[in-house]
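Structure first, commentary second.
The values are calculated or read from the model by the stated rules, or taken from the named source; none is laboratory data. The shown structure was predicted, so the numbers you read here are calculated from the model rather than taken from an experiment. Virtual Cβ from ideal backbone geometry, glycine too; neighbours counted across all protein chains shown. Calculation scope for accessible area: heavy atoms of the full protein, side chains included, ligands and nucleic acids excluded. Shrake-Rupley method; radii C 1.70, N 1.55, O 1.52, S 1.80 Å.
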Amino acid sequence: MSAAGHISSLGPAEAQLDGPPDPEGQKRGWAGYLLLLPGGLWLLLFFVVPTVTLVATSLYDPAGSLQLGYQMTWHWQNYVDALQDYGPQFVRSLIYASIATIACILLGFPLAYAIAFKAGRYKNLMLVAVIAPFFTSFLIRTLSWQYILGDNEPLVSLLRTLHILGPDGYLLATPFAVVTGLTYNFLPFMVLPLYASLEKIDPRLIEAGADLYASPITTFRTVTLRLAMPGLVAGTLLTFIPAAGDYINSELLGNPQTRMVGNEIQDLFGAGDYPTAAALSVTLMSAIVLLVFLYVRRAGTEELV
Amino acid sequence: MGTDLQLTSVTKRFGAFTAVDDLDLTVPQGSFFALLGPSGCGKTTTLRMVAGLEEPTTGTIMLGEDDITRLKPYKRPVNTVFQSYALFPHLTIGDNVAFGLKRQGKKDVAAKVTEMLALVELEHLAKRRPGQLSGGQQQRVALARALINQPQVLLLDEPLGALDLKLRRQMQLELKSIQTEVGLTFVHVTHDQEEAMTMADTVAVMNEGRIEQLGPPEELYEAPATTFVANFLGQSNLVSGSVAGARGDVIDLDVQGTRVVADKARARVTSGEVWAGVRPEKVYLSSAGHDDGSGVNTLSDGVVSDVSFVGVSTQYLVRMAWGQELTVFEQNTGARERFRAGDKVDLHWRPEHTFLLDASQDASAGVEREDA
Amino acid sequence: MNTFSRWLGDRLVLILGLLVLLYMFVPIFVVILMSFNAPGARNSYTFNGFTLDNWLNVCEPFQLCSSLRTSIEIGLLATLGATILGTLMAFAMVRHRFRGRSSANLFVFLPMATPEIVMGSSLLALFVNAGFAGALGFGTILISHILFCLSFVVVTVKARLSGLDPRLEQAAADLYANEWQTFWRVSFPLVFPGILAAALLSFSLSFDDFIITNLNAGQEVTFPMFVWGANQRGIPPQINVIGTIMFFIALLVVVLGEMASRRRAGR
């Protein structure tokens, strides 16, 4: 349904029609602004204004509370405090998200490649299979990893028998479990854009690479990977960003030593410490914007948006 | 004058680009009119302004006594056969054809649709959808969908461009006979000169937003007004020369040291430097030094540099003493001598086949590029 | 040997791909299996024996069905709101010329690139600062859900609309259809699959959201919040029944959608 339709619409653009001047079919006048207005207002009121409010809140005097109200005192110290108290969680979030993203690439690339080039008439079936599991609630899926990785369950028993884990070894409540959960939960966000990019590649290009004396590995590196770059960049962002802000996996599959920045923000809001929570939130957003900017520049893809 | 279509000083700019430049044009009622030109010449923009899909920057468009310049497309008695047809993929063929009548709230729609589909010989496909039809069938549906509204002007935007060559020839004849049958004004936009000449009674050759020349196909071909028309419509040999004098109906020229005669009727300039033009099929060859009759123009001492046999004719390229290569088409009647590369030849043609153009123009304007 | 390595080389990627797919389905198998699990010790994720009780008494755990109901209501309303607003925006962005196009694109893209925790905290900061701290609940959840669904609707409908030849709408205008008729008789039916896809996507996003909802819910309990709370108290096996039902409904919708699009293409 949704995602399936979305994917097919991401497929090769329909043949461009020729004949100048190109009739773009775009109308001028005020009707366009009128159509933009309701949605634009919603975004302005509930996305832009809240973002500004969040930044403002991060500079409030932390001595205030919900009941007594907050004073705007340009209290930059909130940021220093937040980073001092929650620096490790912050760094951990970025590290876990990075590992999960790399794992998603390693798992997602073969899958996307197989669907694009090897699935033949089962292409749509495989796409459905990628999407379908993700309509079962995020939380329920994550909870079922509690079982899969559980101490006395088949997987751990098997790994113990094989001596991959020690006799007292375990998987649940470890960083491994958290990263596994993150990888699992965001994998489709890697597979779908990668597939959309790969699917557009004309297989003859790969044959041409071979014809022009490139080994399969060289062809993959110089042709396939190059052309899949937009999908890879989009997939990386779609995986990394939500993973860095997630706290569900850490909460359900981790332990107190695997807490991520999302856990802390949530708890700070719960405890009523709005300025610190807001400062941590703004820091997270800034770090992500910075990383995304550097990454996109490095990857040299401008056609993302 | 009934309902002639009249464009008066129409200009259309897209930002800094002028697509149509101060165009004046009258299309008489009931005529089959072709706008011919290369990509980007402004012909499609002109058509879209008549359809109401673009608004002119300046100028007026009249249909009979009515000013339709700023009328919405759905308020003008003008219909279009779109490039690649633009058939509604979600409607059946019958519903596609009925679309215009239903929007106008006309009666007896079903009967009229059946009748119209019969005219284009598609009545058995009324329940199908466009995706299930061949290109030629889709083309006819597009035509039927427009014609059923009995517009005062029918616009055709490269209607045959998507068809293969054989089908295109067949559809050209069909379109022409339908036009004769229904007697409507057809304005046909194309970049295919053969298509324009086969079908239209009047052809306007457009280039860079302006009309280069307008007239019946034969006139455009035999007496081109500009180097662009000479090259775009068929091929031409253009040799630089100068007018030496005039006597009666003819003009004497000096072409690269040889005296050449031209008719005044086909001279766009009558003095000074000129391009002397002649169509390749009007020229015939003889071995060098063999006088081939008197009263014809002769250019001597060419060397055949290339010979291509194309079935009905043989095409020669002949390098002249001044370095230019001229093209000659000889019909393969069997009555004429065949030449090989390297043979020395003289070129001959009748004086009335010479046309004279202003030498200030680019001699290669309108030459078709390889990709065209 | 050479032929074998060739055979393997040809299929290696496919085999790897299928293994990854299998990995994606493992938790689903667990959920389905556990929905038939007989109650045992505190941990419901240990298989104690087969039973149909969970399926027969889905609503037994306190708040499970009421939270489900709340989630469905919010999902439907958010879908309606986001689909209407987003479709209008998509039409404006593809079919109309206006100033600030690229910034409009960025504006729509940004919410999708914002981590949920940040979006949720911003909204909470707004609601609290505007004096709605006590009024958090159904309304604030709905506002936030429309917000995060909106961008996805715009992107999905835009993709469909860009693939639509503008000549079709021009042809309709040429054939005496005014703007209104052109929209309802040509544009809308042709863009409908995209709108439907956007609506289904919105519903599933809304239904499944936890992080943003949790921050802005006040006393309201949605289904994901119920699951979260249950995790602290002990998970009732009925949760897996709901998970299983959701999976099969989604599968059904996907398959039906695929069949419909195949039928359209076949015509």
Let me know the mean shielding of C:143-149 by other chains, meaning the per-residue number of their Cβ atoms within 10 Å of its Cβ.
2
Quote the Stokes-Einstein diffusion coefficient, in whole µm² s⁻¹, for chain C, based on the Kirkwood radius over alpha carbon pairs, a temperature of 20 °C and a viscosity of 1.002 mPa s.
98
Would you calculate the separation in nanometres between label points at C:PHE47 and A:LEU45, each defined as 7 Å from the Cα along the Cα-to-beta-carbon direction?
5.2
Share of Cα-Cα pairs in the range C:74-199 beyond 17 Å, in percent?
63
Would you rank C:PHE192, C:PHE98, B:PHE186 by solvent-accessible area, highest first, keeping every protein chain in place and using a 1.4 Å probe?
C:PHE192, C:PHE98, B:PHE186
How much of the DSSP bridge set in the protein assembly as shown is antiparallel, in percent, rounded to the nearest 5?
75
Helix-only CD estimate at 222 nm, as mean residue ellipticity for chain A, using -39500 (n - 2.57) per DSSP H run (n ≥ 4):
-21000 deg cm²/dmol
Considering the zone a paramagnetic label at A:SER65 would reach in this model (a point 7 Å from Cα along the Cα-to-Cβ line), which residues of the range C:130-146 have amide N under 16 Å from it?
C:134
The Cα extents of the protein assembly as shown along the principal axes, largest first and rounded to whole Å, are 118, 73, 63
Mean-position separation - Cα centroids, the range B:128-163 and the range B:1-35, in angstrom
23
Estimated distance in nm for a label pair at C:MET259 and B:VAL310, the labels positioned 7 Å out from Cα along Cα-to-Cβ:
5.8
Between C:ARG69 and B:THR26, Cβ-based FRET efficiency (R0 51 Å, step 0.05) works out to 0.10
Per-residue mean of other chain beta-carbon atoms within 10 angstrom of the beta-carbon, peptide C:197-210?
4
Can you give the mean number of other chain Cβ atoms that lie within 10 Å of the Cβ atoms in peptide A:104-110?
3
On the formula 1/(1 + (r/R0)^6), with r taken between the Cβ atoms of B:THR60 and A:TYR33 and R0 of 22 Å, the FRET efficiency rounded to 0.05 is 0.15
Return the sequence-ordered ³J(HN,Hα) values of the range B:203-213 in whole Hz as given by the Karplus equation 6.51 cos²θ - 1.76 cosθ + 1.60 applied to θ = phi - 60°, using x for Gly and Pro.
10, 10, 8, 10, 8, 6, x, 10, 8, 7, 7
Can you give the helix-only mean residue ellipticity at 222 nm for chain C, where every DSSP H stretch with n ≥ 4 adds -39500 (n - 2.57) and the sum goes over all residues, rounded to the nearest 500 deg cm²/dmol?
-25000 deg cm²/dmol
In vacuo Debye scattering of the range A:184-305, one point per C-alpha: log10 I(q)/I(0) at q = 0.12 Å⁻¹?
-0.62
Between the range C:151-171 and the range A:90-146, what is the C-alpha centre distance in whole Å?
28
Between the alpha-carbon centers of the range A:180-218 and the range B:37-114, tell me the distance in whole angstrom.
45
Looks like chain A, by Cα gyration tensor root eigenvalues a ≥ b ≥ c and the a/c under 1.5 rounded cutoff (else prolate when a/b is bigger than b/c, oblate otherwise), is oblate
Taking Rh as the Kirkwood radius, which is the inverse of the mean 1/r over Cα pairs, what is the Rg/Rh value for the range B:201-291?
1.01
With bins 10 Å wide starting at 0, give me the P(r) of the range B:235-358 over every alpha carbon pair, in whole percents.
14, 46, 30, 9, 0
Dividing the alpha-carbon radius of gyration of the range C:17-106 by 2.2 N^0.38 Å (N being the number of residues), what value is obtained?
1.85
Just to be sure I follow: if Rg is taken over the C-alpha atoms of the range B:5-222 and Rh is the Kirkwood radius over the same atoms, what is Rg/Rh?
0.96
Tell me, what is the FRET efficiency for B:GLN361 and C:ARG97 to the nearest 0.05, using R0 = 35 angstrom and their Cβ-Cβ distance as r?
0.35
So how many Lys-Lys pairs in the range B:5-222 land under 20 Å Cα to Cα, not counting same-chain pairs under 8 apart?
11
Theoretical ellipticity at 222 nm over chain B - DSSP helices of four or more residues, -39500 (n - 2.57) apiece, nearest 500:
-6500 deg cm²/dmol
Could you give the DSSP H helices of chain A that reach 20 angstrom or more along their long axis (alpha carbon positions) and whose average Kyte-Doolittle hydropathy is no lower than -1.0?
A:77-113, A:175-199, A:225-245, A:274-299
With no solvent term and unit scatterers on the alpha-carbon positions of chain B, Debye gives log₁₀ I(q)/I(0) at q = 0.08, 0.10, 0.13 Å⁻¹ of -0.51, -0.74, -1.04
Counting only GluC sites (Glu not before Pro) that sit in a DSSP loop (anything but H, G, I, E, B) with at most 11 other Cβ atoms within 10 Å, what is the longest stretch of chain A containing none of them?
A:25-301
So for A:HIS75, B:HIS348, what's the accessible-area order with a 1.4 Å probe, most first?
A:HIS75, B:HIS348
